[in-house]
Structures are given as C-alpha cells and as structure tokens.
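This report concerns only the one structure given below.
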2 protein chains.
Amino acid sequence: MDKADKIKAGDIRTASRLIRNLEDEVPGATCTLKLIFPFTGKAHVIGLTGSPGAGKSTLADMLISSFRAKDRTVGVLAVDPTSPFTGGAILGDRIRMQRHAEDPGVFVRSLATRGAMGGISKAVGDAIHILDAMGKDIILVETVGTGQQEVEIINHAHTIVVILIPGMGDDIQAMKAGIMEIADIFVINKADRDGADKLLHELRAVLDMAPERKSGWQPSIVKIGNAFEPESFHASIDELAQKIEDHYRNLVTTERLFIRQRRKIVAEINEALRASILEPVLKELIASGEMEEMLEKLSRKESDPYTLAEEVSRRYLKDRSGK
Amino acid sequence: MDKADKIKAGDIRTASRLIRNLEDEVPGATCTLKLIFPFTGKAHVIGLTGSPGAGKSTLADMLISSFRAKDRTVGVLAVDPTSPFTGGAILGDRIRMQRHAEDPGVFVRSLATRGAMGGISKAVGDAIHILDAMGKDIILVETVGTGQQEVEIINHAHTIVVILIPGMGDDIQAMKAGIMEIADIFVINKADRDGADKLLHELRAVLDMAPERKSGWQPSIVKIGNAFEPESFHASIDELAQKIEDHYRNLVTTERLFIRQRRKIVAEINEALRASILEPVLKELIASGEMEEMLEKLSRKESDPYTLAEEVSRRYLKDRSGK
C-alpha cells in the first residue's frame, strides 16, 4: 500500500507523519495530498471558536465523547499560536484529551505555525483533507476566535460554534471579531456564573437585530453549566452535539452545503496559490542572501520596502504587458 | 505642497485620505508612501495587546492623556477585525476616544481589513509610517492579542504591552498566545477584582521560569485598579506611561533598538513582497474569470488545489531553472 492508501485505510502513523512532513515542507508531501484529494469532502467539519479561557478544549473533549456514543468517528485539530521563540506549540497533543488516546475512533492533533510567513490556515486545510480522507465522520477544529487569521481558519468549517462566557464583555467581543454573522451556534459556557442571563439577553438582542438569514437557519444558543453537576452538564453537551448535527442536516436539505463547500474551496485555492507563488520567491531571496541585502538597505534608509518589492516582482513575475 | 510635504507638516486630512486610499488600493497611494519613508523611524511605536474585554481602548485613552500631559504628540491605530458581511470596522473612530477629538496633538484612526486576502499587518505598517512622518512622538497600536496575525502586527512595535485581567485564565492565555516571550510590560487591569493577586503570582512565577533576557530588561508588571478611585487609578496610568518610556530608553542605551528596528523591517519587506508578487496574480485570476473556473473544477473534484496552484505558478513565475 502506498501512503495515500494507508491514509484512506485510516492509518494513524502515516497520517501523523504526513501532517508533520507538510509542516516541515518535506518534498513529496504535497504529492500524497493530491492523491487523497478525490477522497475528501465527506466529513462534517466543525469550527469551535472562542477567546482563551472560554473552555474550548474541555468542550471539544466532551463533544468527542458525545459523538463517540453515537458511533461517529472523530478527528480533532487544535490550533495553537506558536511561540516565536520556541517554534512549537506550547500546549501539545500530550496534555490534551488524553482519555481518548486509546480510542481508535478518535484522532487528535495540534497544529503549530512557524515564523511570520503565515500558512497556519493552509496547514489546517491540509490536515482537514487528511482526516477527511481517513474517513473521520466529524472533524473538530479548535481555534482562538479573534483576529483575521482565525476567521480564515474558520472558513474551512461547515458549522461554526462560538463559545462565550459570562462577565467578560464577550457580547462586544463577538461583534468585534466579525464572527457574529458567520456563527451557526452560540454556546454560553460556564452558564452557572454571574452574568450568564445578561449575556443571554444581550446575545438574543443582537441576533434579533440581525437580518434574517437566507438559509432559514436561525443561530441556536446552548447554555452549558458546571461540570460538578454532571447530569445537566452532560445533557447540555448532548444538546450541543445534536444542534451541531441538526445544522449540518439543515445545510444538506436546503442545499446550502454547496455554499459552505465553496467557502472552503475559496480558502483552499488562495492558500495553495500563496504556497506556490509567494513562498518559493521568499525562499530564494533568503537562500541567495538578497533578503539580507534588502534588510540592510532598509535599515540604512537607502531604499523603501515598496520600491524593493516592486523590483523583486519585476524580476520574478513574467511580463504580462502584452495581455 | 505635495501630499508628502503636507503629511510631513502634520496635515490630518491628507494623512487620513492616504490611509483610506491605501486601504482602497487607489493607484498612486504607494508613491506617497515611498516619498515619506526617509522621514520615518523617529516615533516610539507601542503595541497594546490583550483579549477582548481586557480594557485596551480605555487604557489607550488614559495613556493619551498621560503622554499629552508630558507634551508628547500621540497617534493611535485601533485594529478592528472586519465583519466579512459589512466590509468595515464595527467600532469606528467615532465612538473611540472622542474626548481627544479636539486636540491637534492627537490623531486616532481605526483600521479595517477587507476580505480574506490578508494585509491587515501591512496596513498597520503603512499607517505607522504615515503617523511617524507626521511627527507623532508616540504611536499606540491597539490590537487583539491572540492569533498569528496579531503577532505579526505586534512586530511593528518597539515596546509591547500585554494587558491581562483577573479570573479569565489569562495566565494560560498569555502563554498560549506565544506573546509571553515578546512582552516588555504586563498590565494587570481591573486589579480590584477577585483573582488579581493570583494572576500576579502566576505571572511572576512564569516570568521567573523564563530564561534571563539578553537585553537585561526584565518585564515589568503594572497593576491598574478601578477608575472610580481616580487618585490611585491616575497614578497607575502615569506609572505605566513612565515604564513604557523607560523601556524605550533601555532599548536606546543598550543598542537593542536596532534589533527591534530589524524586526519591524523584516515585517515590512515581507508584507511589501506579498503585495507586489502574490496580489497582482490573484487580481488577474479574478479579473480574467480563471479563478472562477478553478473553483468550479475543484467543486467537481476534477482537480486539486495543489495541482492548480502549481500550474498558475508555472505561468506567472519566470523560469529560474537556469539559476
């Protein structure tokens, strides 16, 4: 069996190695991605987003159990911003969701991003393809929900779950992040805390003001309380899992799934173009020492970044003036 | 006077229009940037970062007053993630820091970012150049502190201030965001709340574990309490403003300023290269209808994004095999 066949058969070692090889830009890794691409598009991809401290990892962990109880196979991708000093995710796979480690129906990976060159969103898209080709029914993508990079990551999801907690100005947060309009389900987590009702009212008010969605899907709100009251806690987790599957069914029956798929594809082609056009140029400039020369010129103010970049562009891009 | 001269003379209308023209990609806007570039590099750029609800805007507002009391001129750039539906910043200049609107020594701008093509970090870098050429002594950049995009924005700053609040898992947040190692000053905001001492202890513990910084600068921690106790509140704001200026003096005297300048320049050239190499290709693909054709092929699974992007790259990038 070649690597693509092994991934299609669900082999965890091959999948893990491919994700790592893509991160490390090992030559040939993209070939395997091309081979598995025709076998993707079956998984339900769910974005779990919310500010740090909102409880995303715990919810992801509980959702795994809930989906597993319904016999769904689950993949989880946790996106950790990289420390620019260590070059790696600080919270790695090891300390996450360990209790599912023995379950062959669950596959959990952290994705780290290196340096300032971007590409985390592409890494997420690639990893989703791999988990999808492995046959995972559900793919949970856990990401910090603020900032443009995160909005890009979330473009890879069919169903977007935004997790809020009381007392944190989270209402305003949701609006600021521009994620309000693209959220399908809101979770009010830690709903036993002071301010949960206030948050619920504010959220309802904002949703009521929003224009009705063409899809007919009105964003749901799920309240999740304290894990120390296990009965109501587990019931609310199951409610959330059910709402998530309801949303996917709504996408399928209203043919809105095609619109979400298109959003995914737009993200994928943009990221692939960046990797094929901009990144090879950056690598050559660094390898030849020209990047360093440009930096020296800029620090001596002998030129400006705009002029230098235009010169590089003329040298690398073909002349298209005849067009 | 041409536009560059007007900006150098501090003209607010010309500066505002240039920032807007750059956002709208009006032809010729980059020319003005090139002309003002030699007159940049004098401002002290401060990144104010923290999760939504941490109180960044309020602190920025108070810092303006504190710096103005010392006769420093101040520019403020507020980075709001864009709503993908409205294409604009939701919280605009109008509702921010209105009380400084009449002060000619203060210039406040919100920056919005459009669509998924990235570029917010470049927009911030460009706007910093404009405020710098206008002669602002201090430039405050207020941004949500999590996610890779935000780490890129923060690369434009000389001094990085991370704002934390008690009781939000903010300790873990700081570590996850990978911003711990690049922060110069920590603010414990809303320090009258429960959990402020716990946060302070955890922060100190993490800082004690961190390797000593080569610069000799040990990150400071400033506690800021409740605005309803104006005396101690204002004293702590002044302390923060003083610490910020101390940090800059430390950069200058230890010659570490060059290292920060280099980080800024690396960010600027990377962003300019993206704008000159990748973006023209994307625009042509969209204008010619080829982007749409690729999206159709992908949705019919007739090809994969990696193969399509490589084909585009072969057509647009010059052959460099002879090198």
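The values are calculated or read from the model by the stated rules, or taken from the named source; none is laboratory data. Since the structure is predicted, the reported quantities are computational estimates derived from the model, not experimental observations. Every residue, glycine as well, gets a Cβ built from its backbone with ideal geometry; the counts of neighbours run over all protein chains shown.
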So in region B:24-51, with the set limited to residues that are under 16 Å from B:GLY125 (Cβ atoms) and away from chain A (no Cβ under 14 Å), which one is surrounded by the most Cβ atoms within 10 Å (Cβ to Cβ)? B:ILE46
What number of residues within region A:272-323 satisfy the criterion of being of a type in the set (Asp, Glu) and either surrounded by fewer than 14 Cβ atoms within 10 Å (Cβ to Cβ) or in the same structural domain as A:ILE128 (by TED's automatic domain parsing) (or both)? 6
Unmet criterion (only one of (1) within 11 Å of another protein chain (Cβ to nearest Cβ); (2) in a helix (DSSP H, G or I); (3) surrounded by fewer than 17 Cβ atoms within 10 Å (Cβ to Cβ)) for A:VAL252: (1)
Among the candidates A:ALA60, A:ALA78, residue that is in a helix (DSSP H, G or I), modelled with pLDDT of 80 or more and either surrounded by 21 or more Cβ atoms within 10 Å (Cβ to Cβ) or not aromatic (Phe, Trp, Tyr) (or both): A:ALA60
Residue count, region A:22-42 (criterion: within 19 Å of the chain's Cα centre (by Cα) and part of a helix (DSSP H, G or I)): 4
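Is it the case that some residue within region B:169-186 is more than 19 Å from B:THR49 (Cβ to Cβ) and either at pLDDT 70 or above or crowded, with 18+ Cβ neighbours inside 10 Å (or both)? Working first, answer last.
At the first step, the residues of region B:169-186 found to be more than 19 Å from B:THR49 (Cβ to Cβ) are none.
Scanning region B:169-186 turns up no residue that is more than 19 Å from B:THR49 (Cβ to Cβ) and either at pLDDT 70 or above or crowded, with 18+ Cβ neighbours inside 10 Å (or both).
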Could you please find all residues in region A:268-279 being under 15 Å from B:LEU298 (Cβ atoms), touching a residue at least 12 places away in the same chain (Cβ under 8 Å) and either over 19 Å from the mean Cα position of the chain (by Cα) or facing chain B (nearest Cβ under 7 Å) (or both)? A:GLU268, A:ALA272
Please identify the pairs in which a residue from region B:243-267 that is touching a residue at least 12 places away in the same chain (Cβ under 8 Å) and under 25 Å from B:PHE37 (Cβ atoms) has its Cβ atom under 8 Å from the Cβ atom of a residue that is of a type in the set (Val, Ile, Thr) and not in a helix (DSSP H, G or I), counting only partners at least 6 apart or on another chain. B:TYR248/B:THR159; B:LEU251/B:THR159; B:LYS264/B:VAL45
Scan region A:66-77 and tell me whether some residue there is under 27 Å from A:ASP192 (Cβ atoms), touching a residue at least 24 places away in the same chain (Cβ under 8 Å) and within 11 Å of chain B (Cβ to nearest Cβ). no
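Hey, among the residues in region A:285-308 that are in a helix (DSSP H, G or I), at the interface with chain B (Cβ under 7 Å from one of its Cβ atoms) and not aliphatic (A, V, I, L, M), which one's nearest to B:ASN270 (Cα to Cα)?
We begin by selecting, within region A:285-308, every residue in a helix (DSSP H, G or I); these are A:285-287, A:290-299, A:305-308.
Add one more test, that the residue is at the interface with chain B (Cβ under 7 Å from one of its Cβ atoms), and what stays is A:294-295, A:298-299, A:305-308.
Now drop any that are not not aliphatic (A, V, I, L, M), which leaves A:299, A:305-307.
On the way: A:SER299: 15, A:PRO305: 9, A:TYR306: 10, A:THR307: 13 Å.
Ranking the candidates gives A:PRO305 first.
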What is the number of the single condition among (1) polar (S, T, N, Q); (2) more than 30 Å from A:GLU310 (Cβ to Cβ); (3) part of a helix (DSSP H, G or I); (4) modelled with pLDDT under 95 that A:GLN242 does not meet? (4)
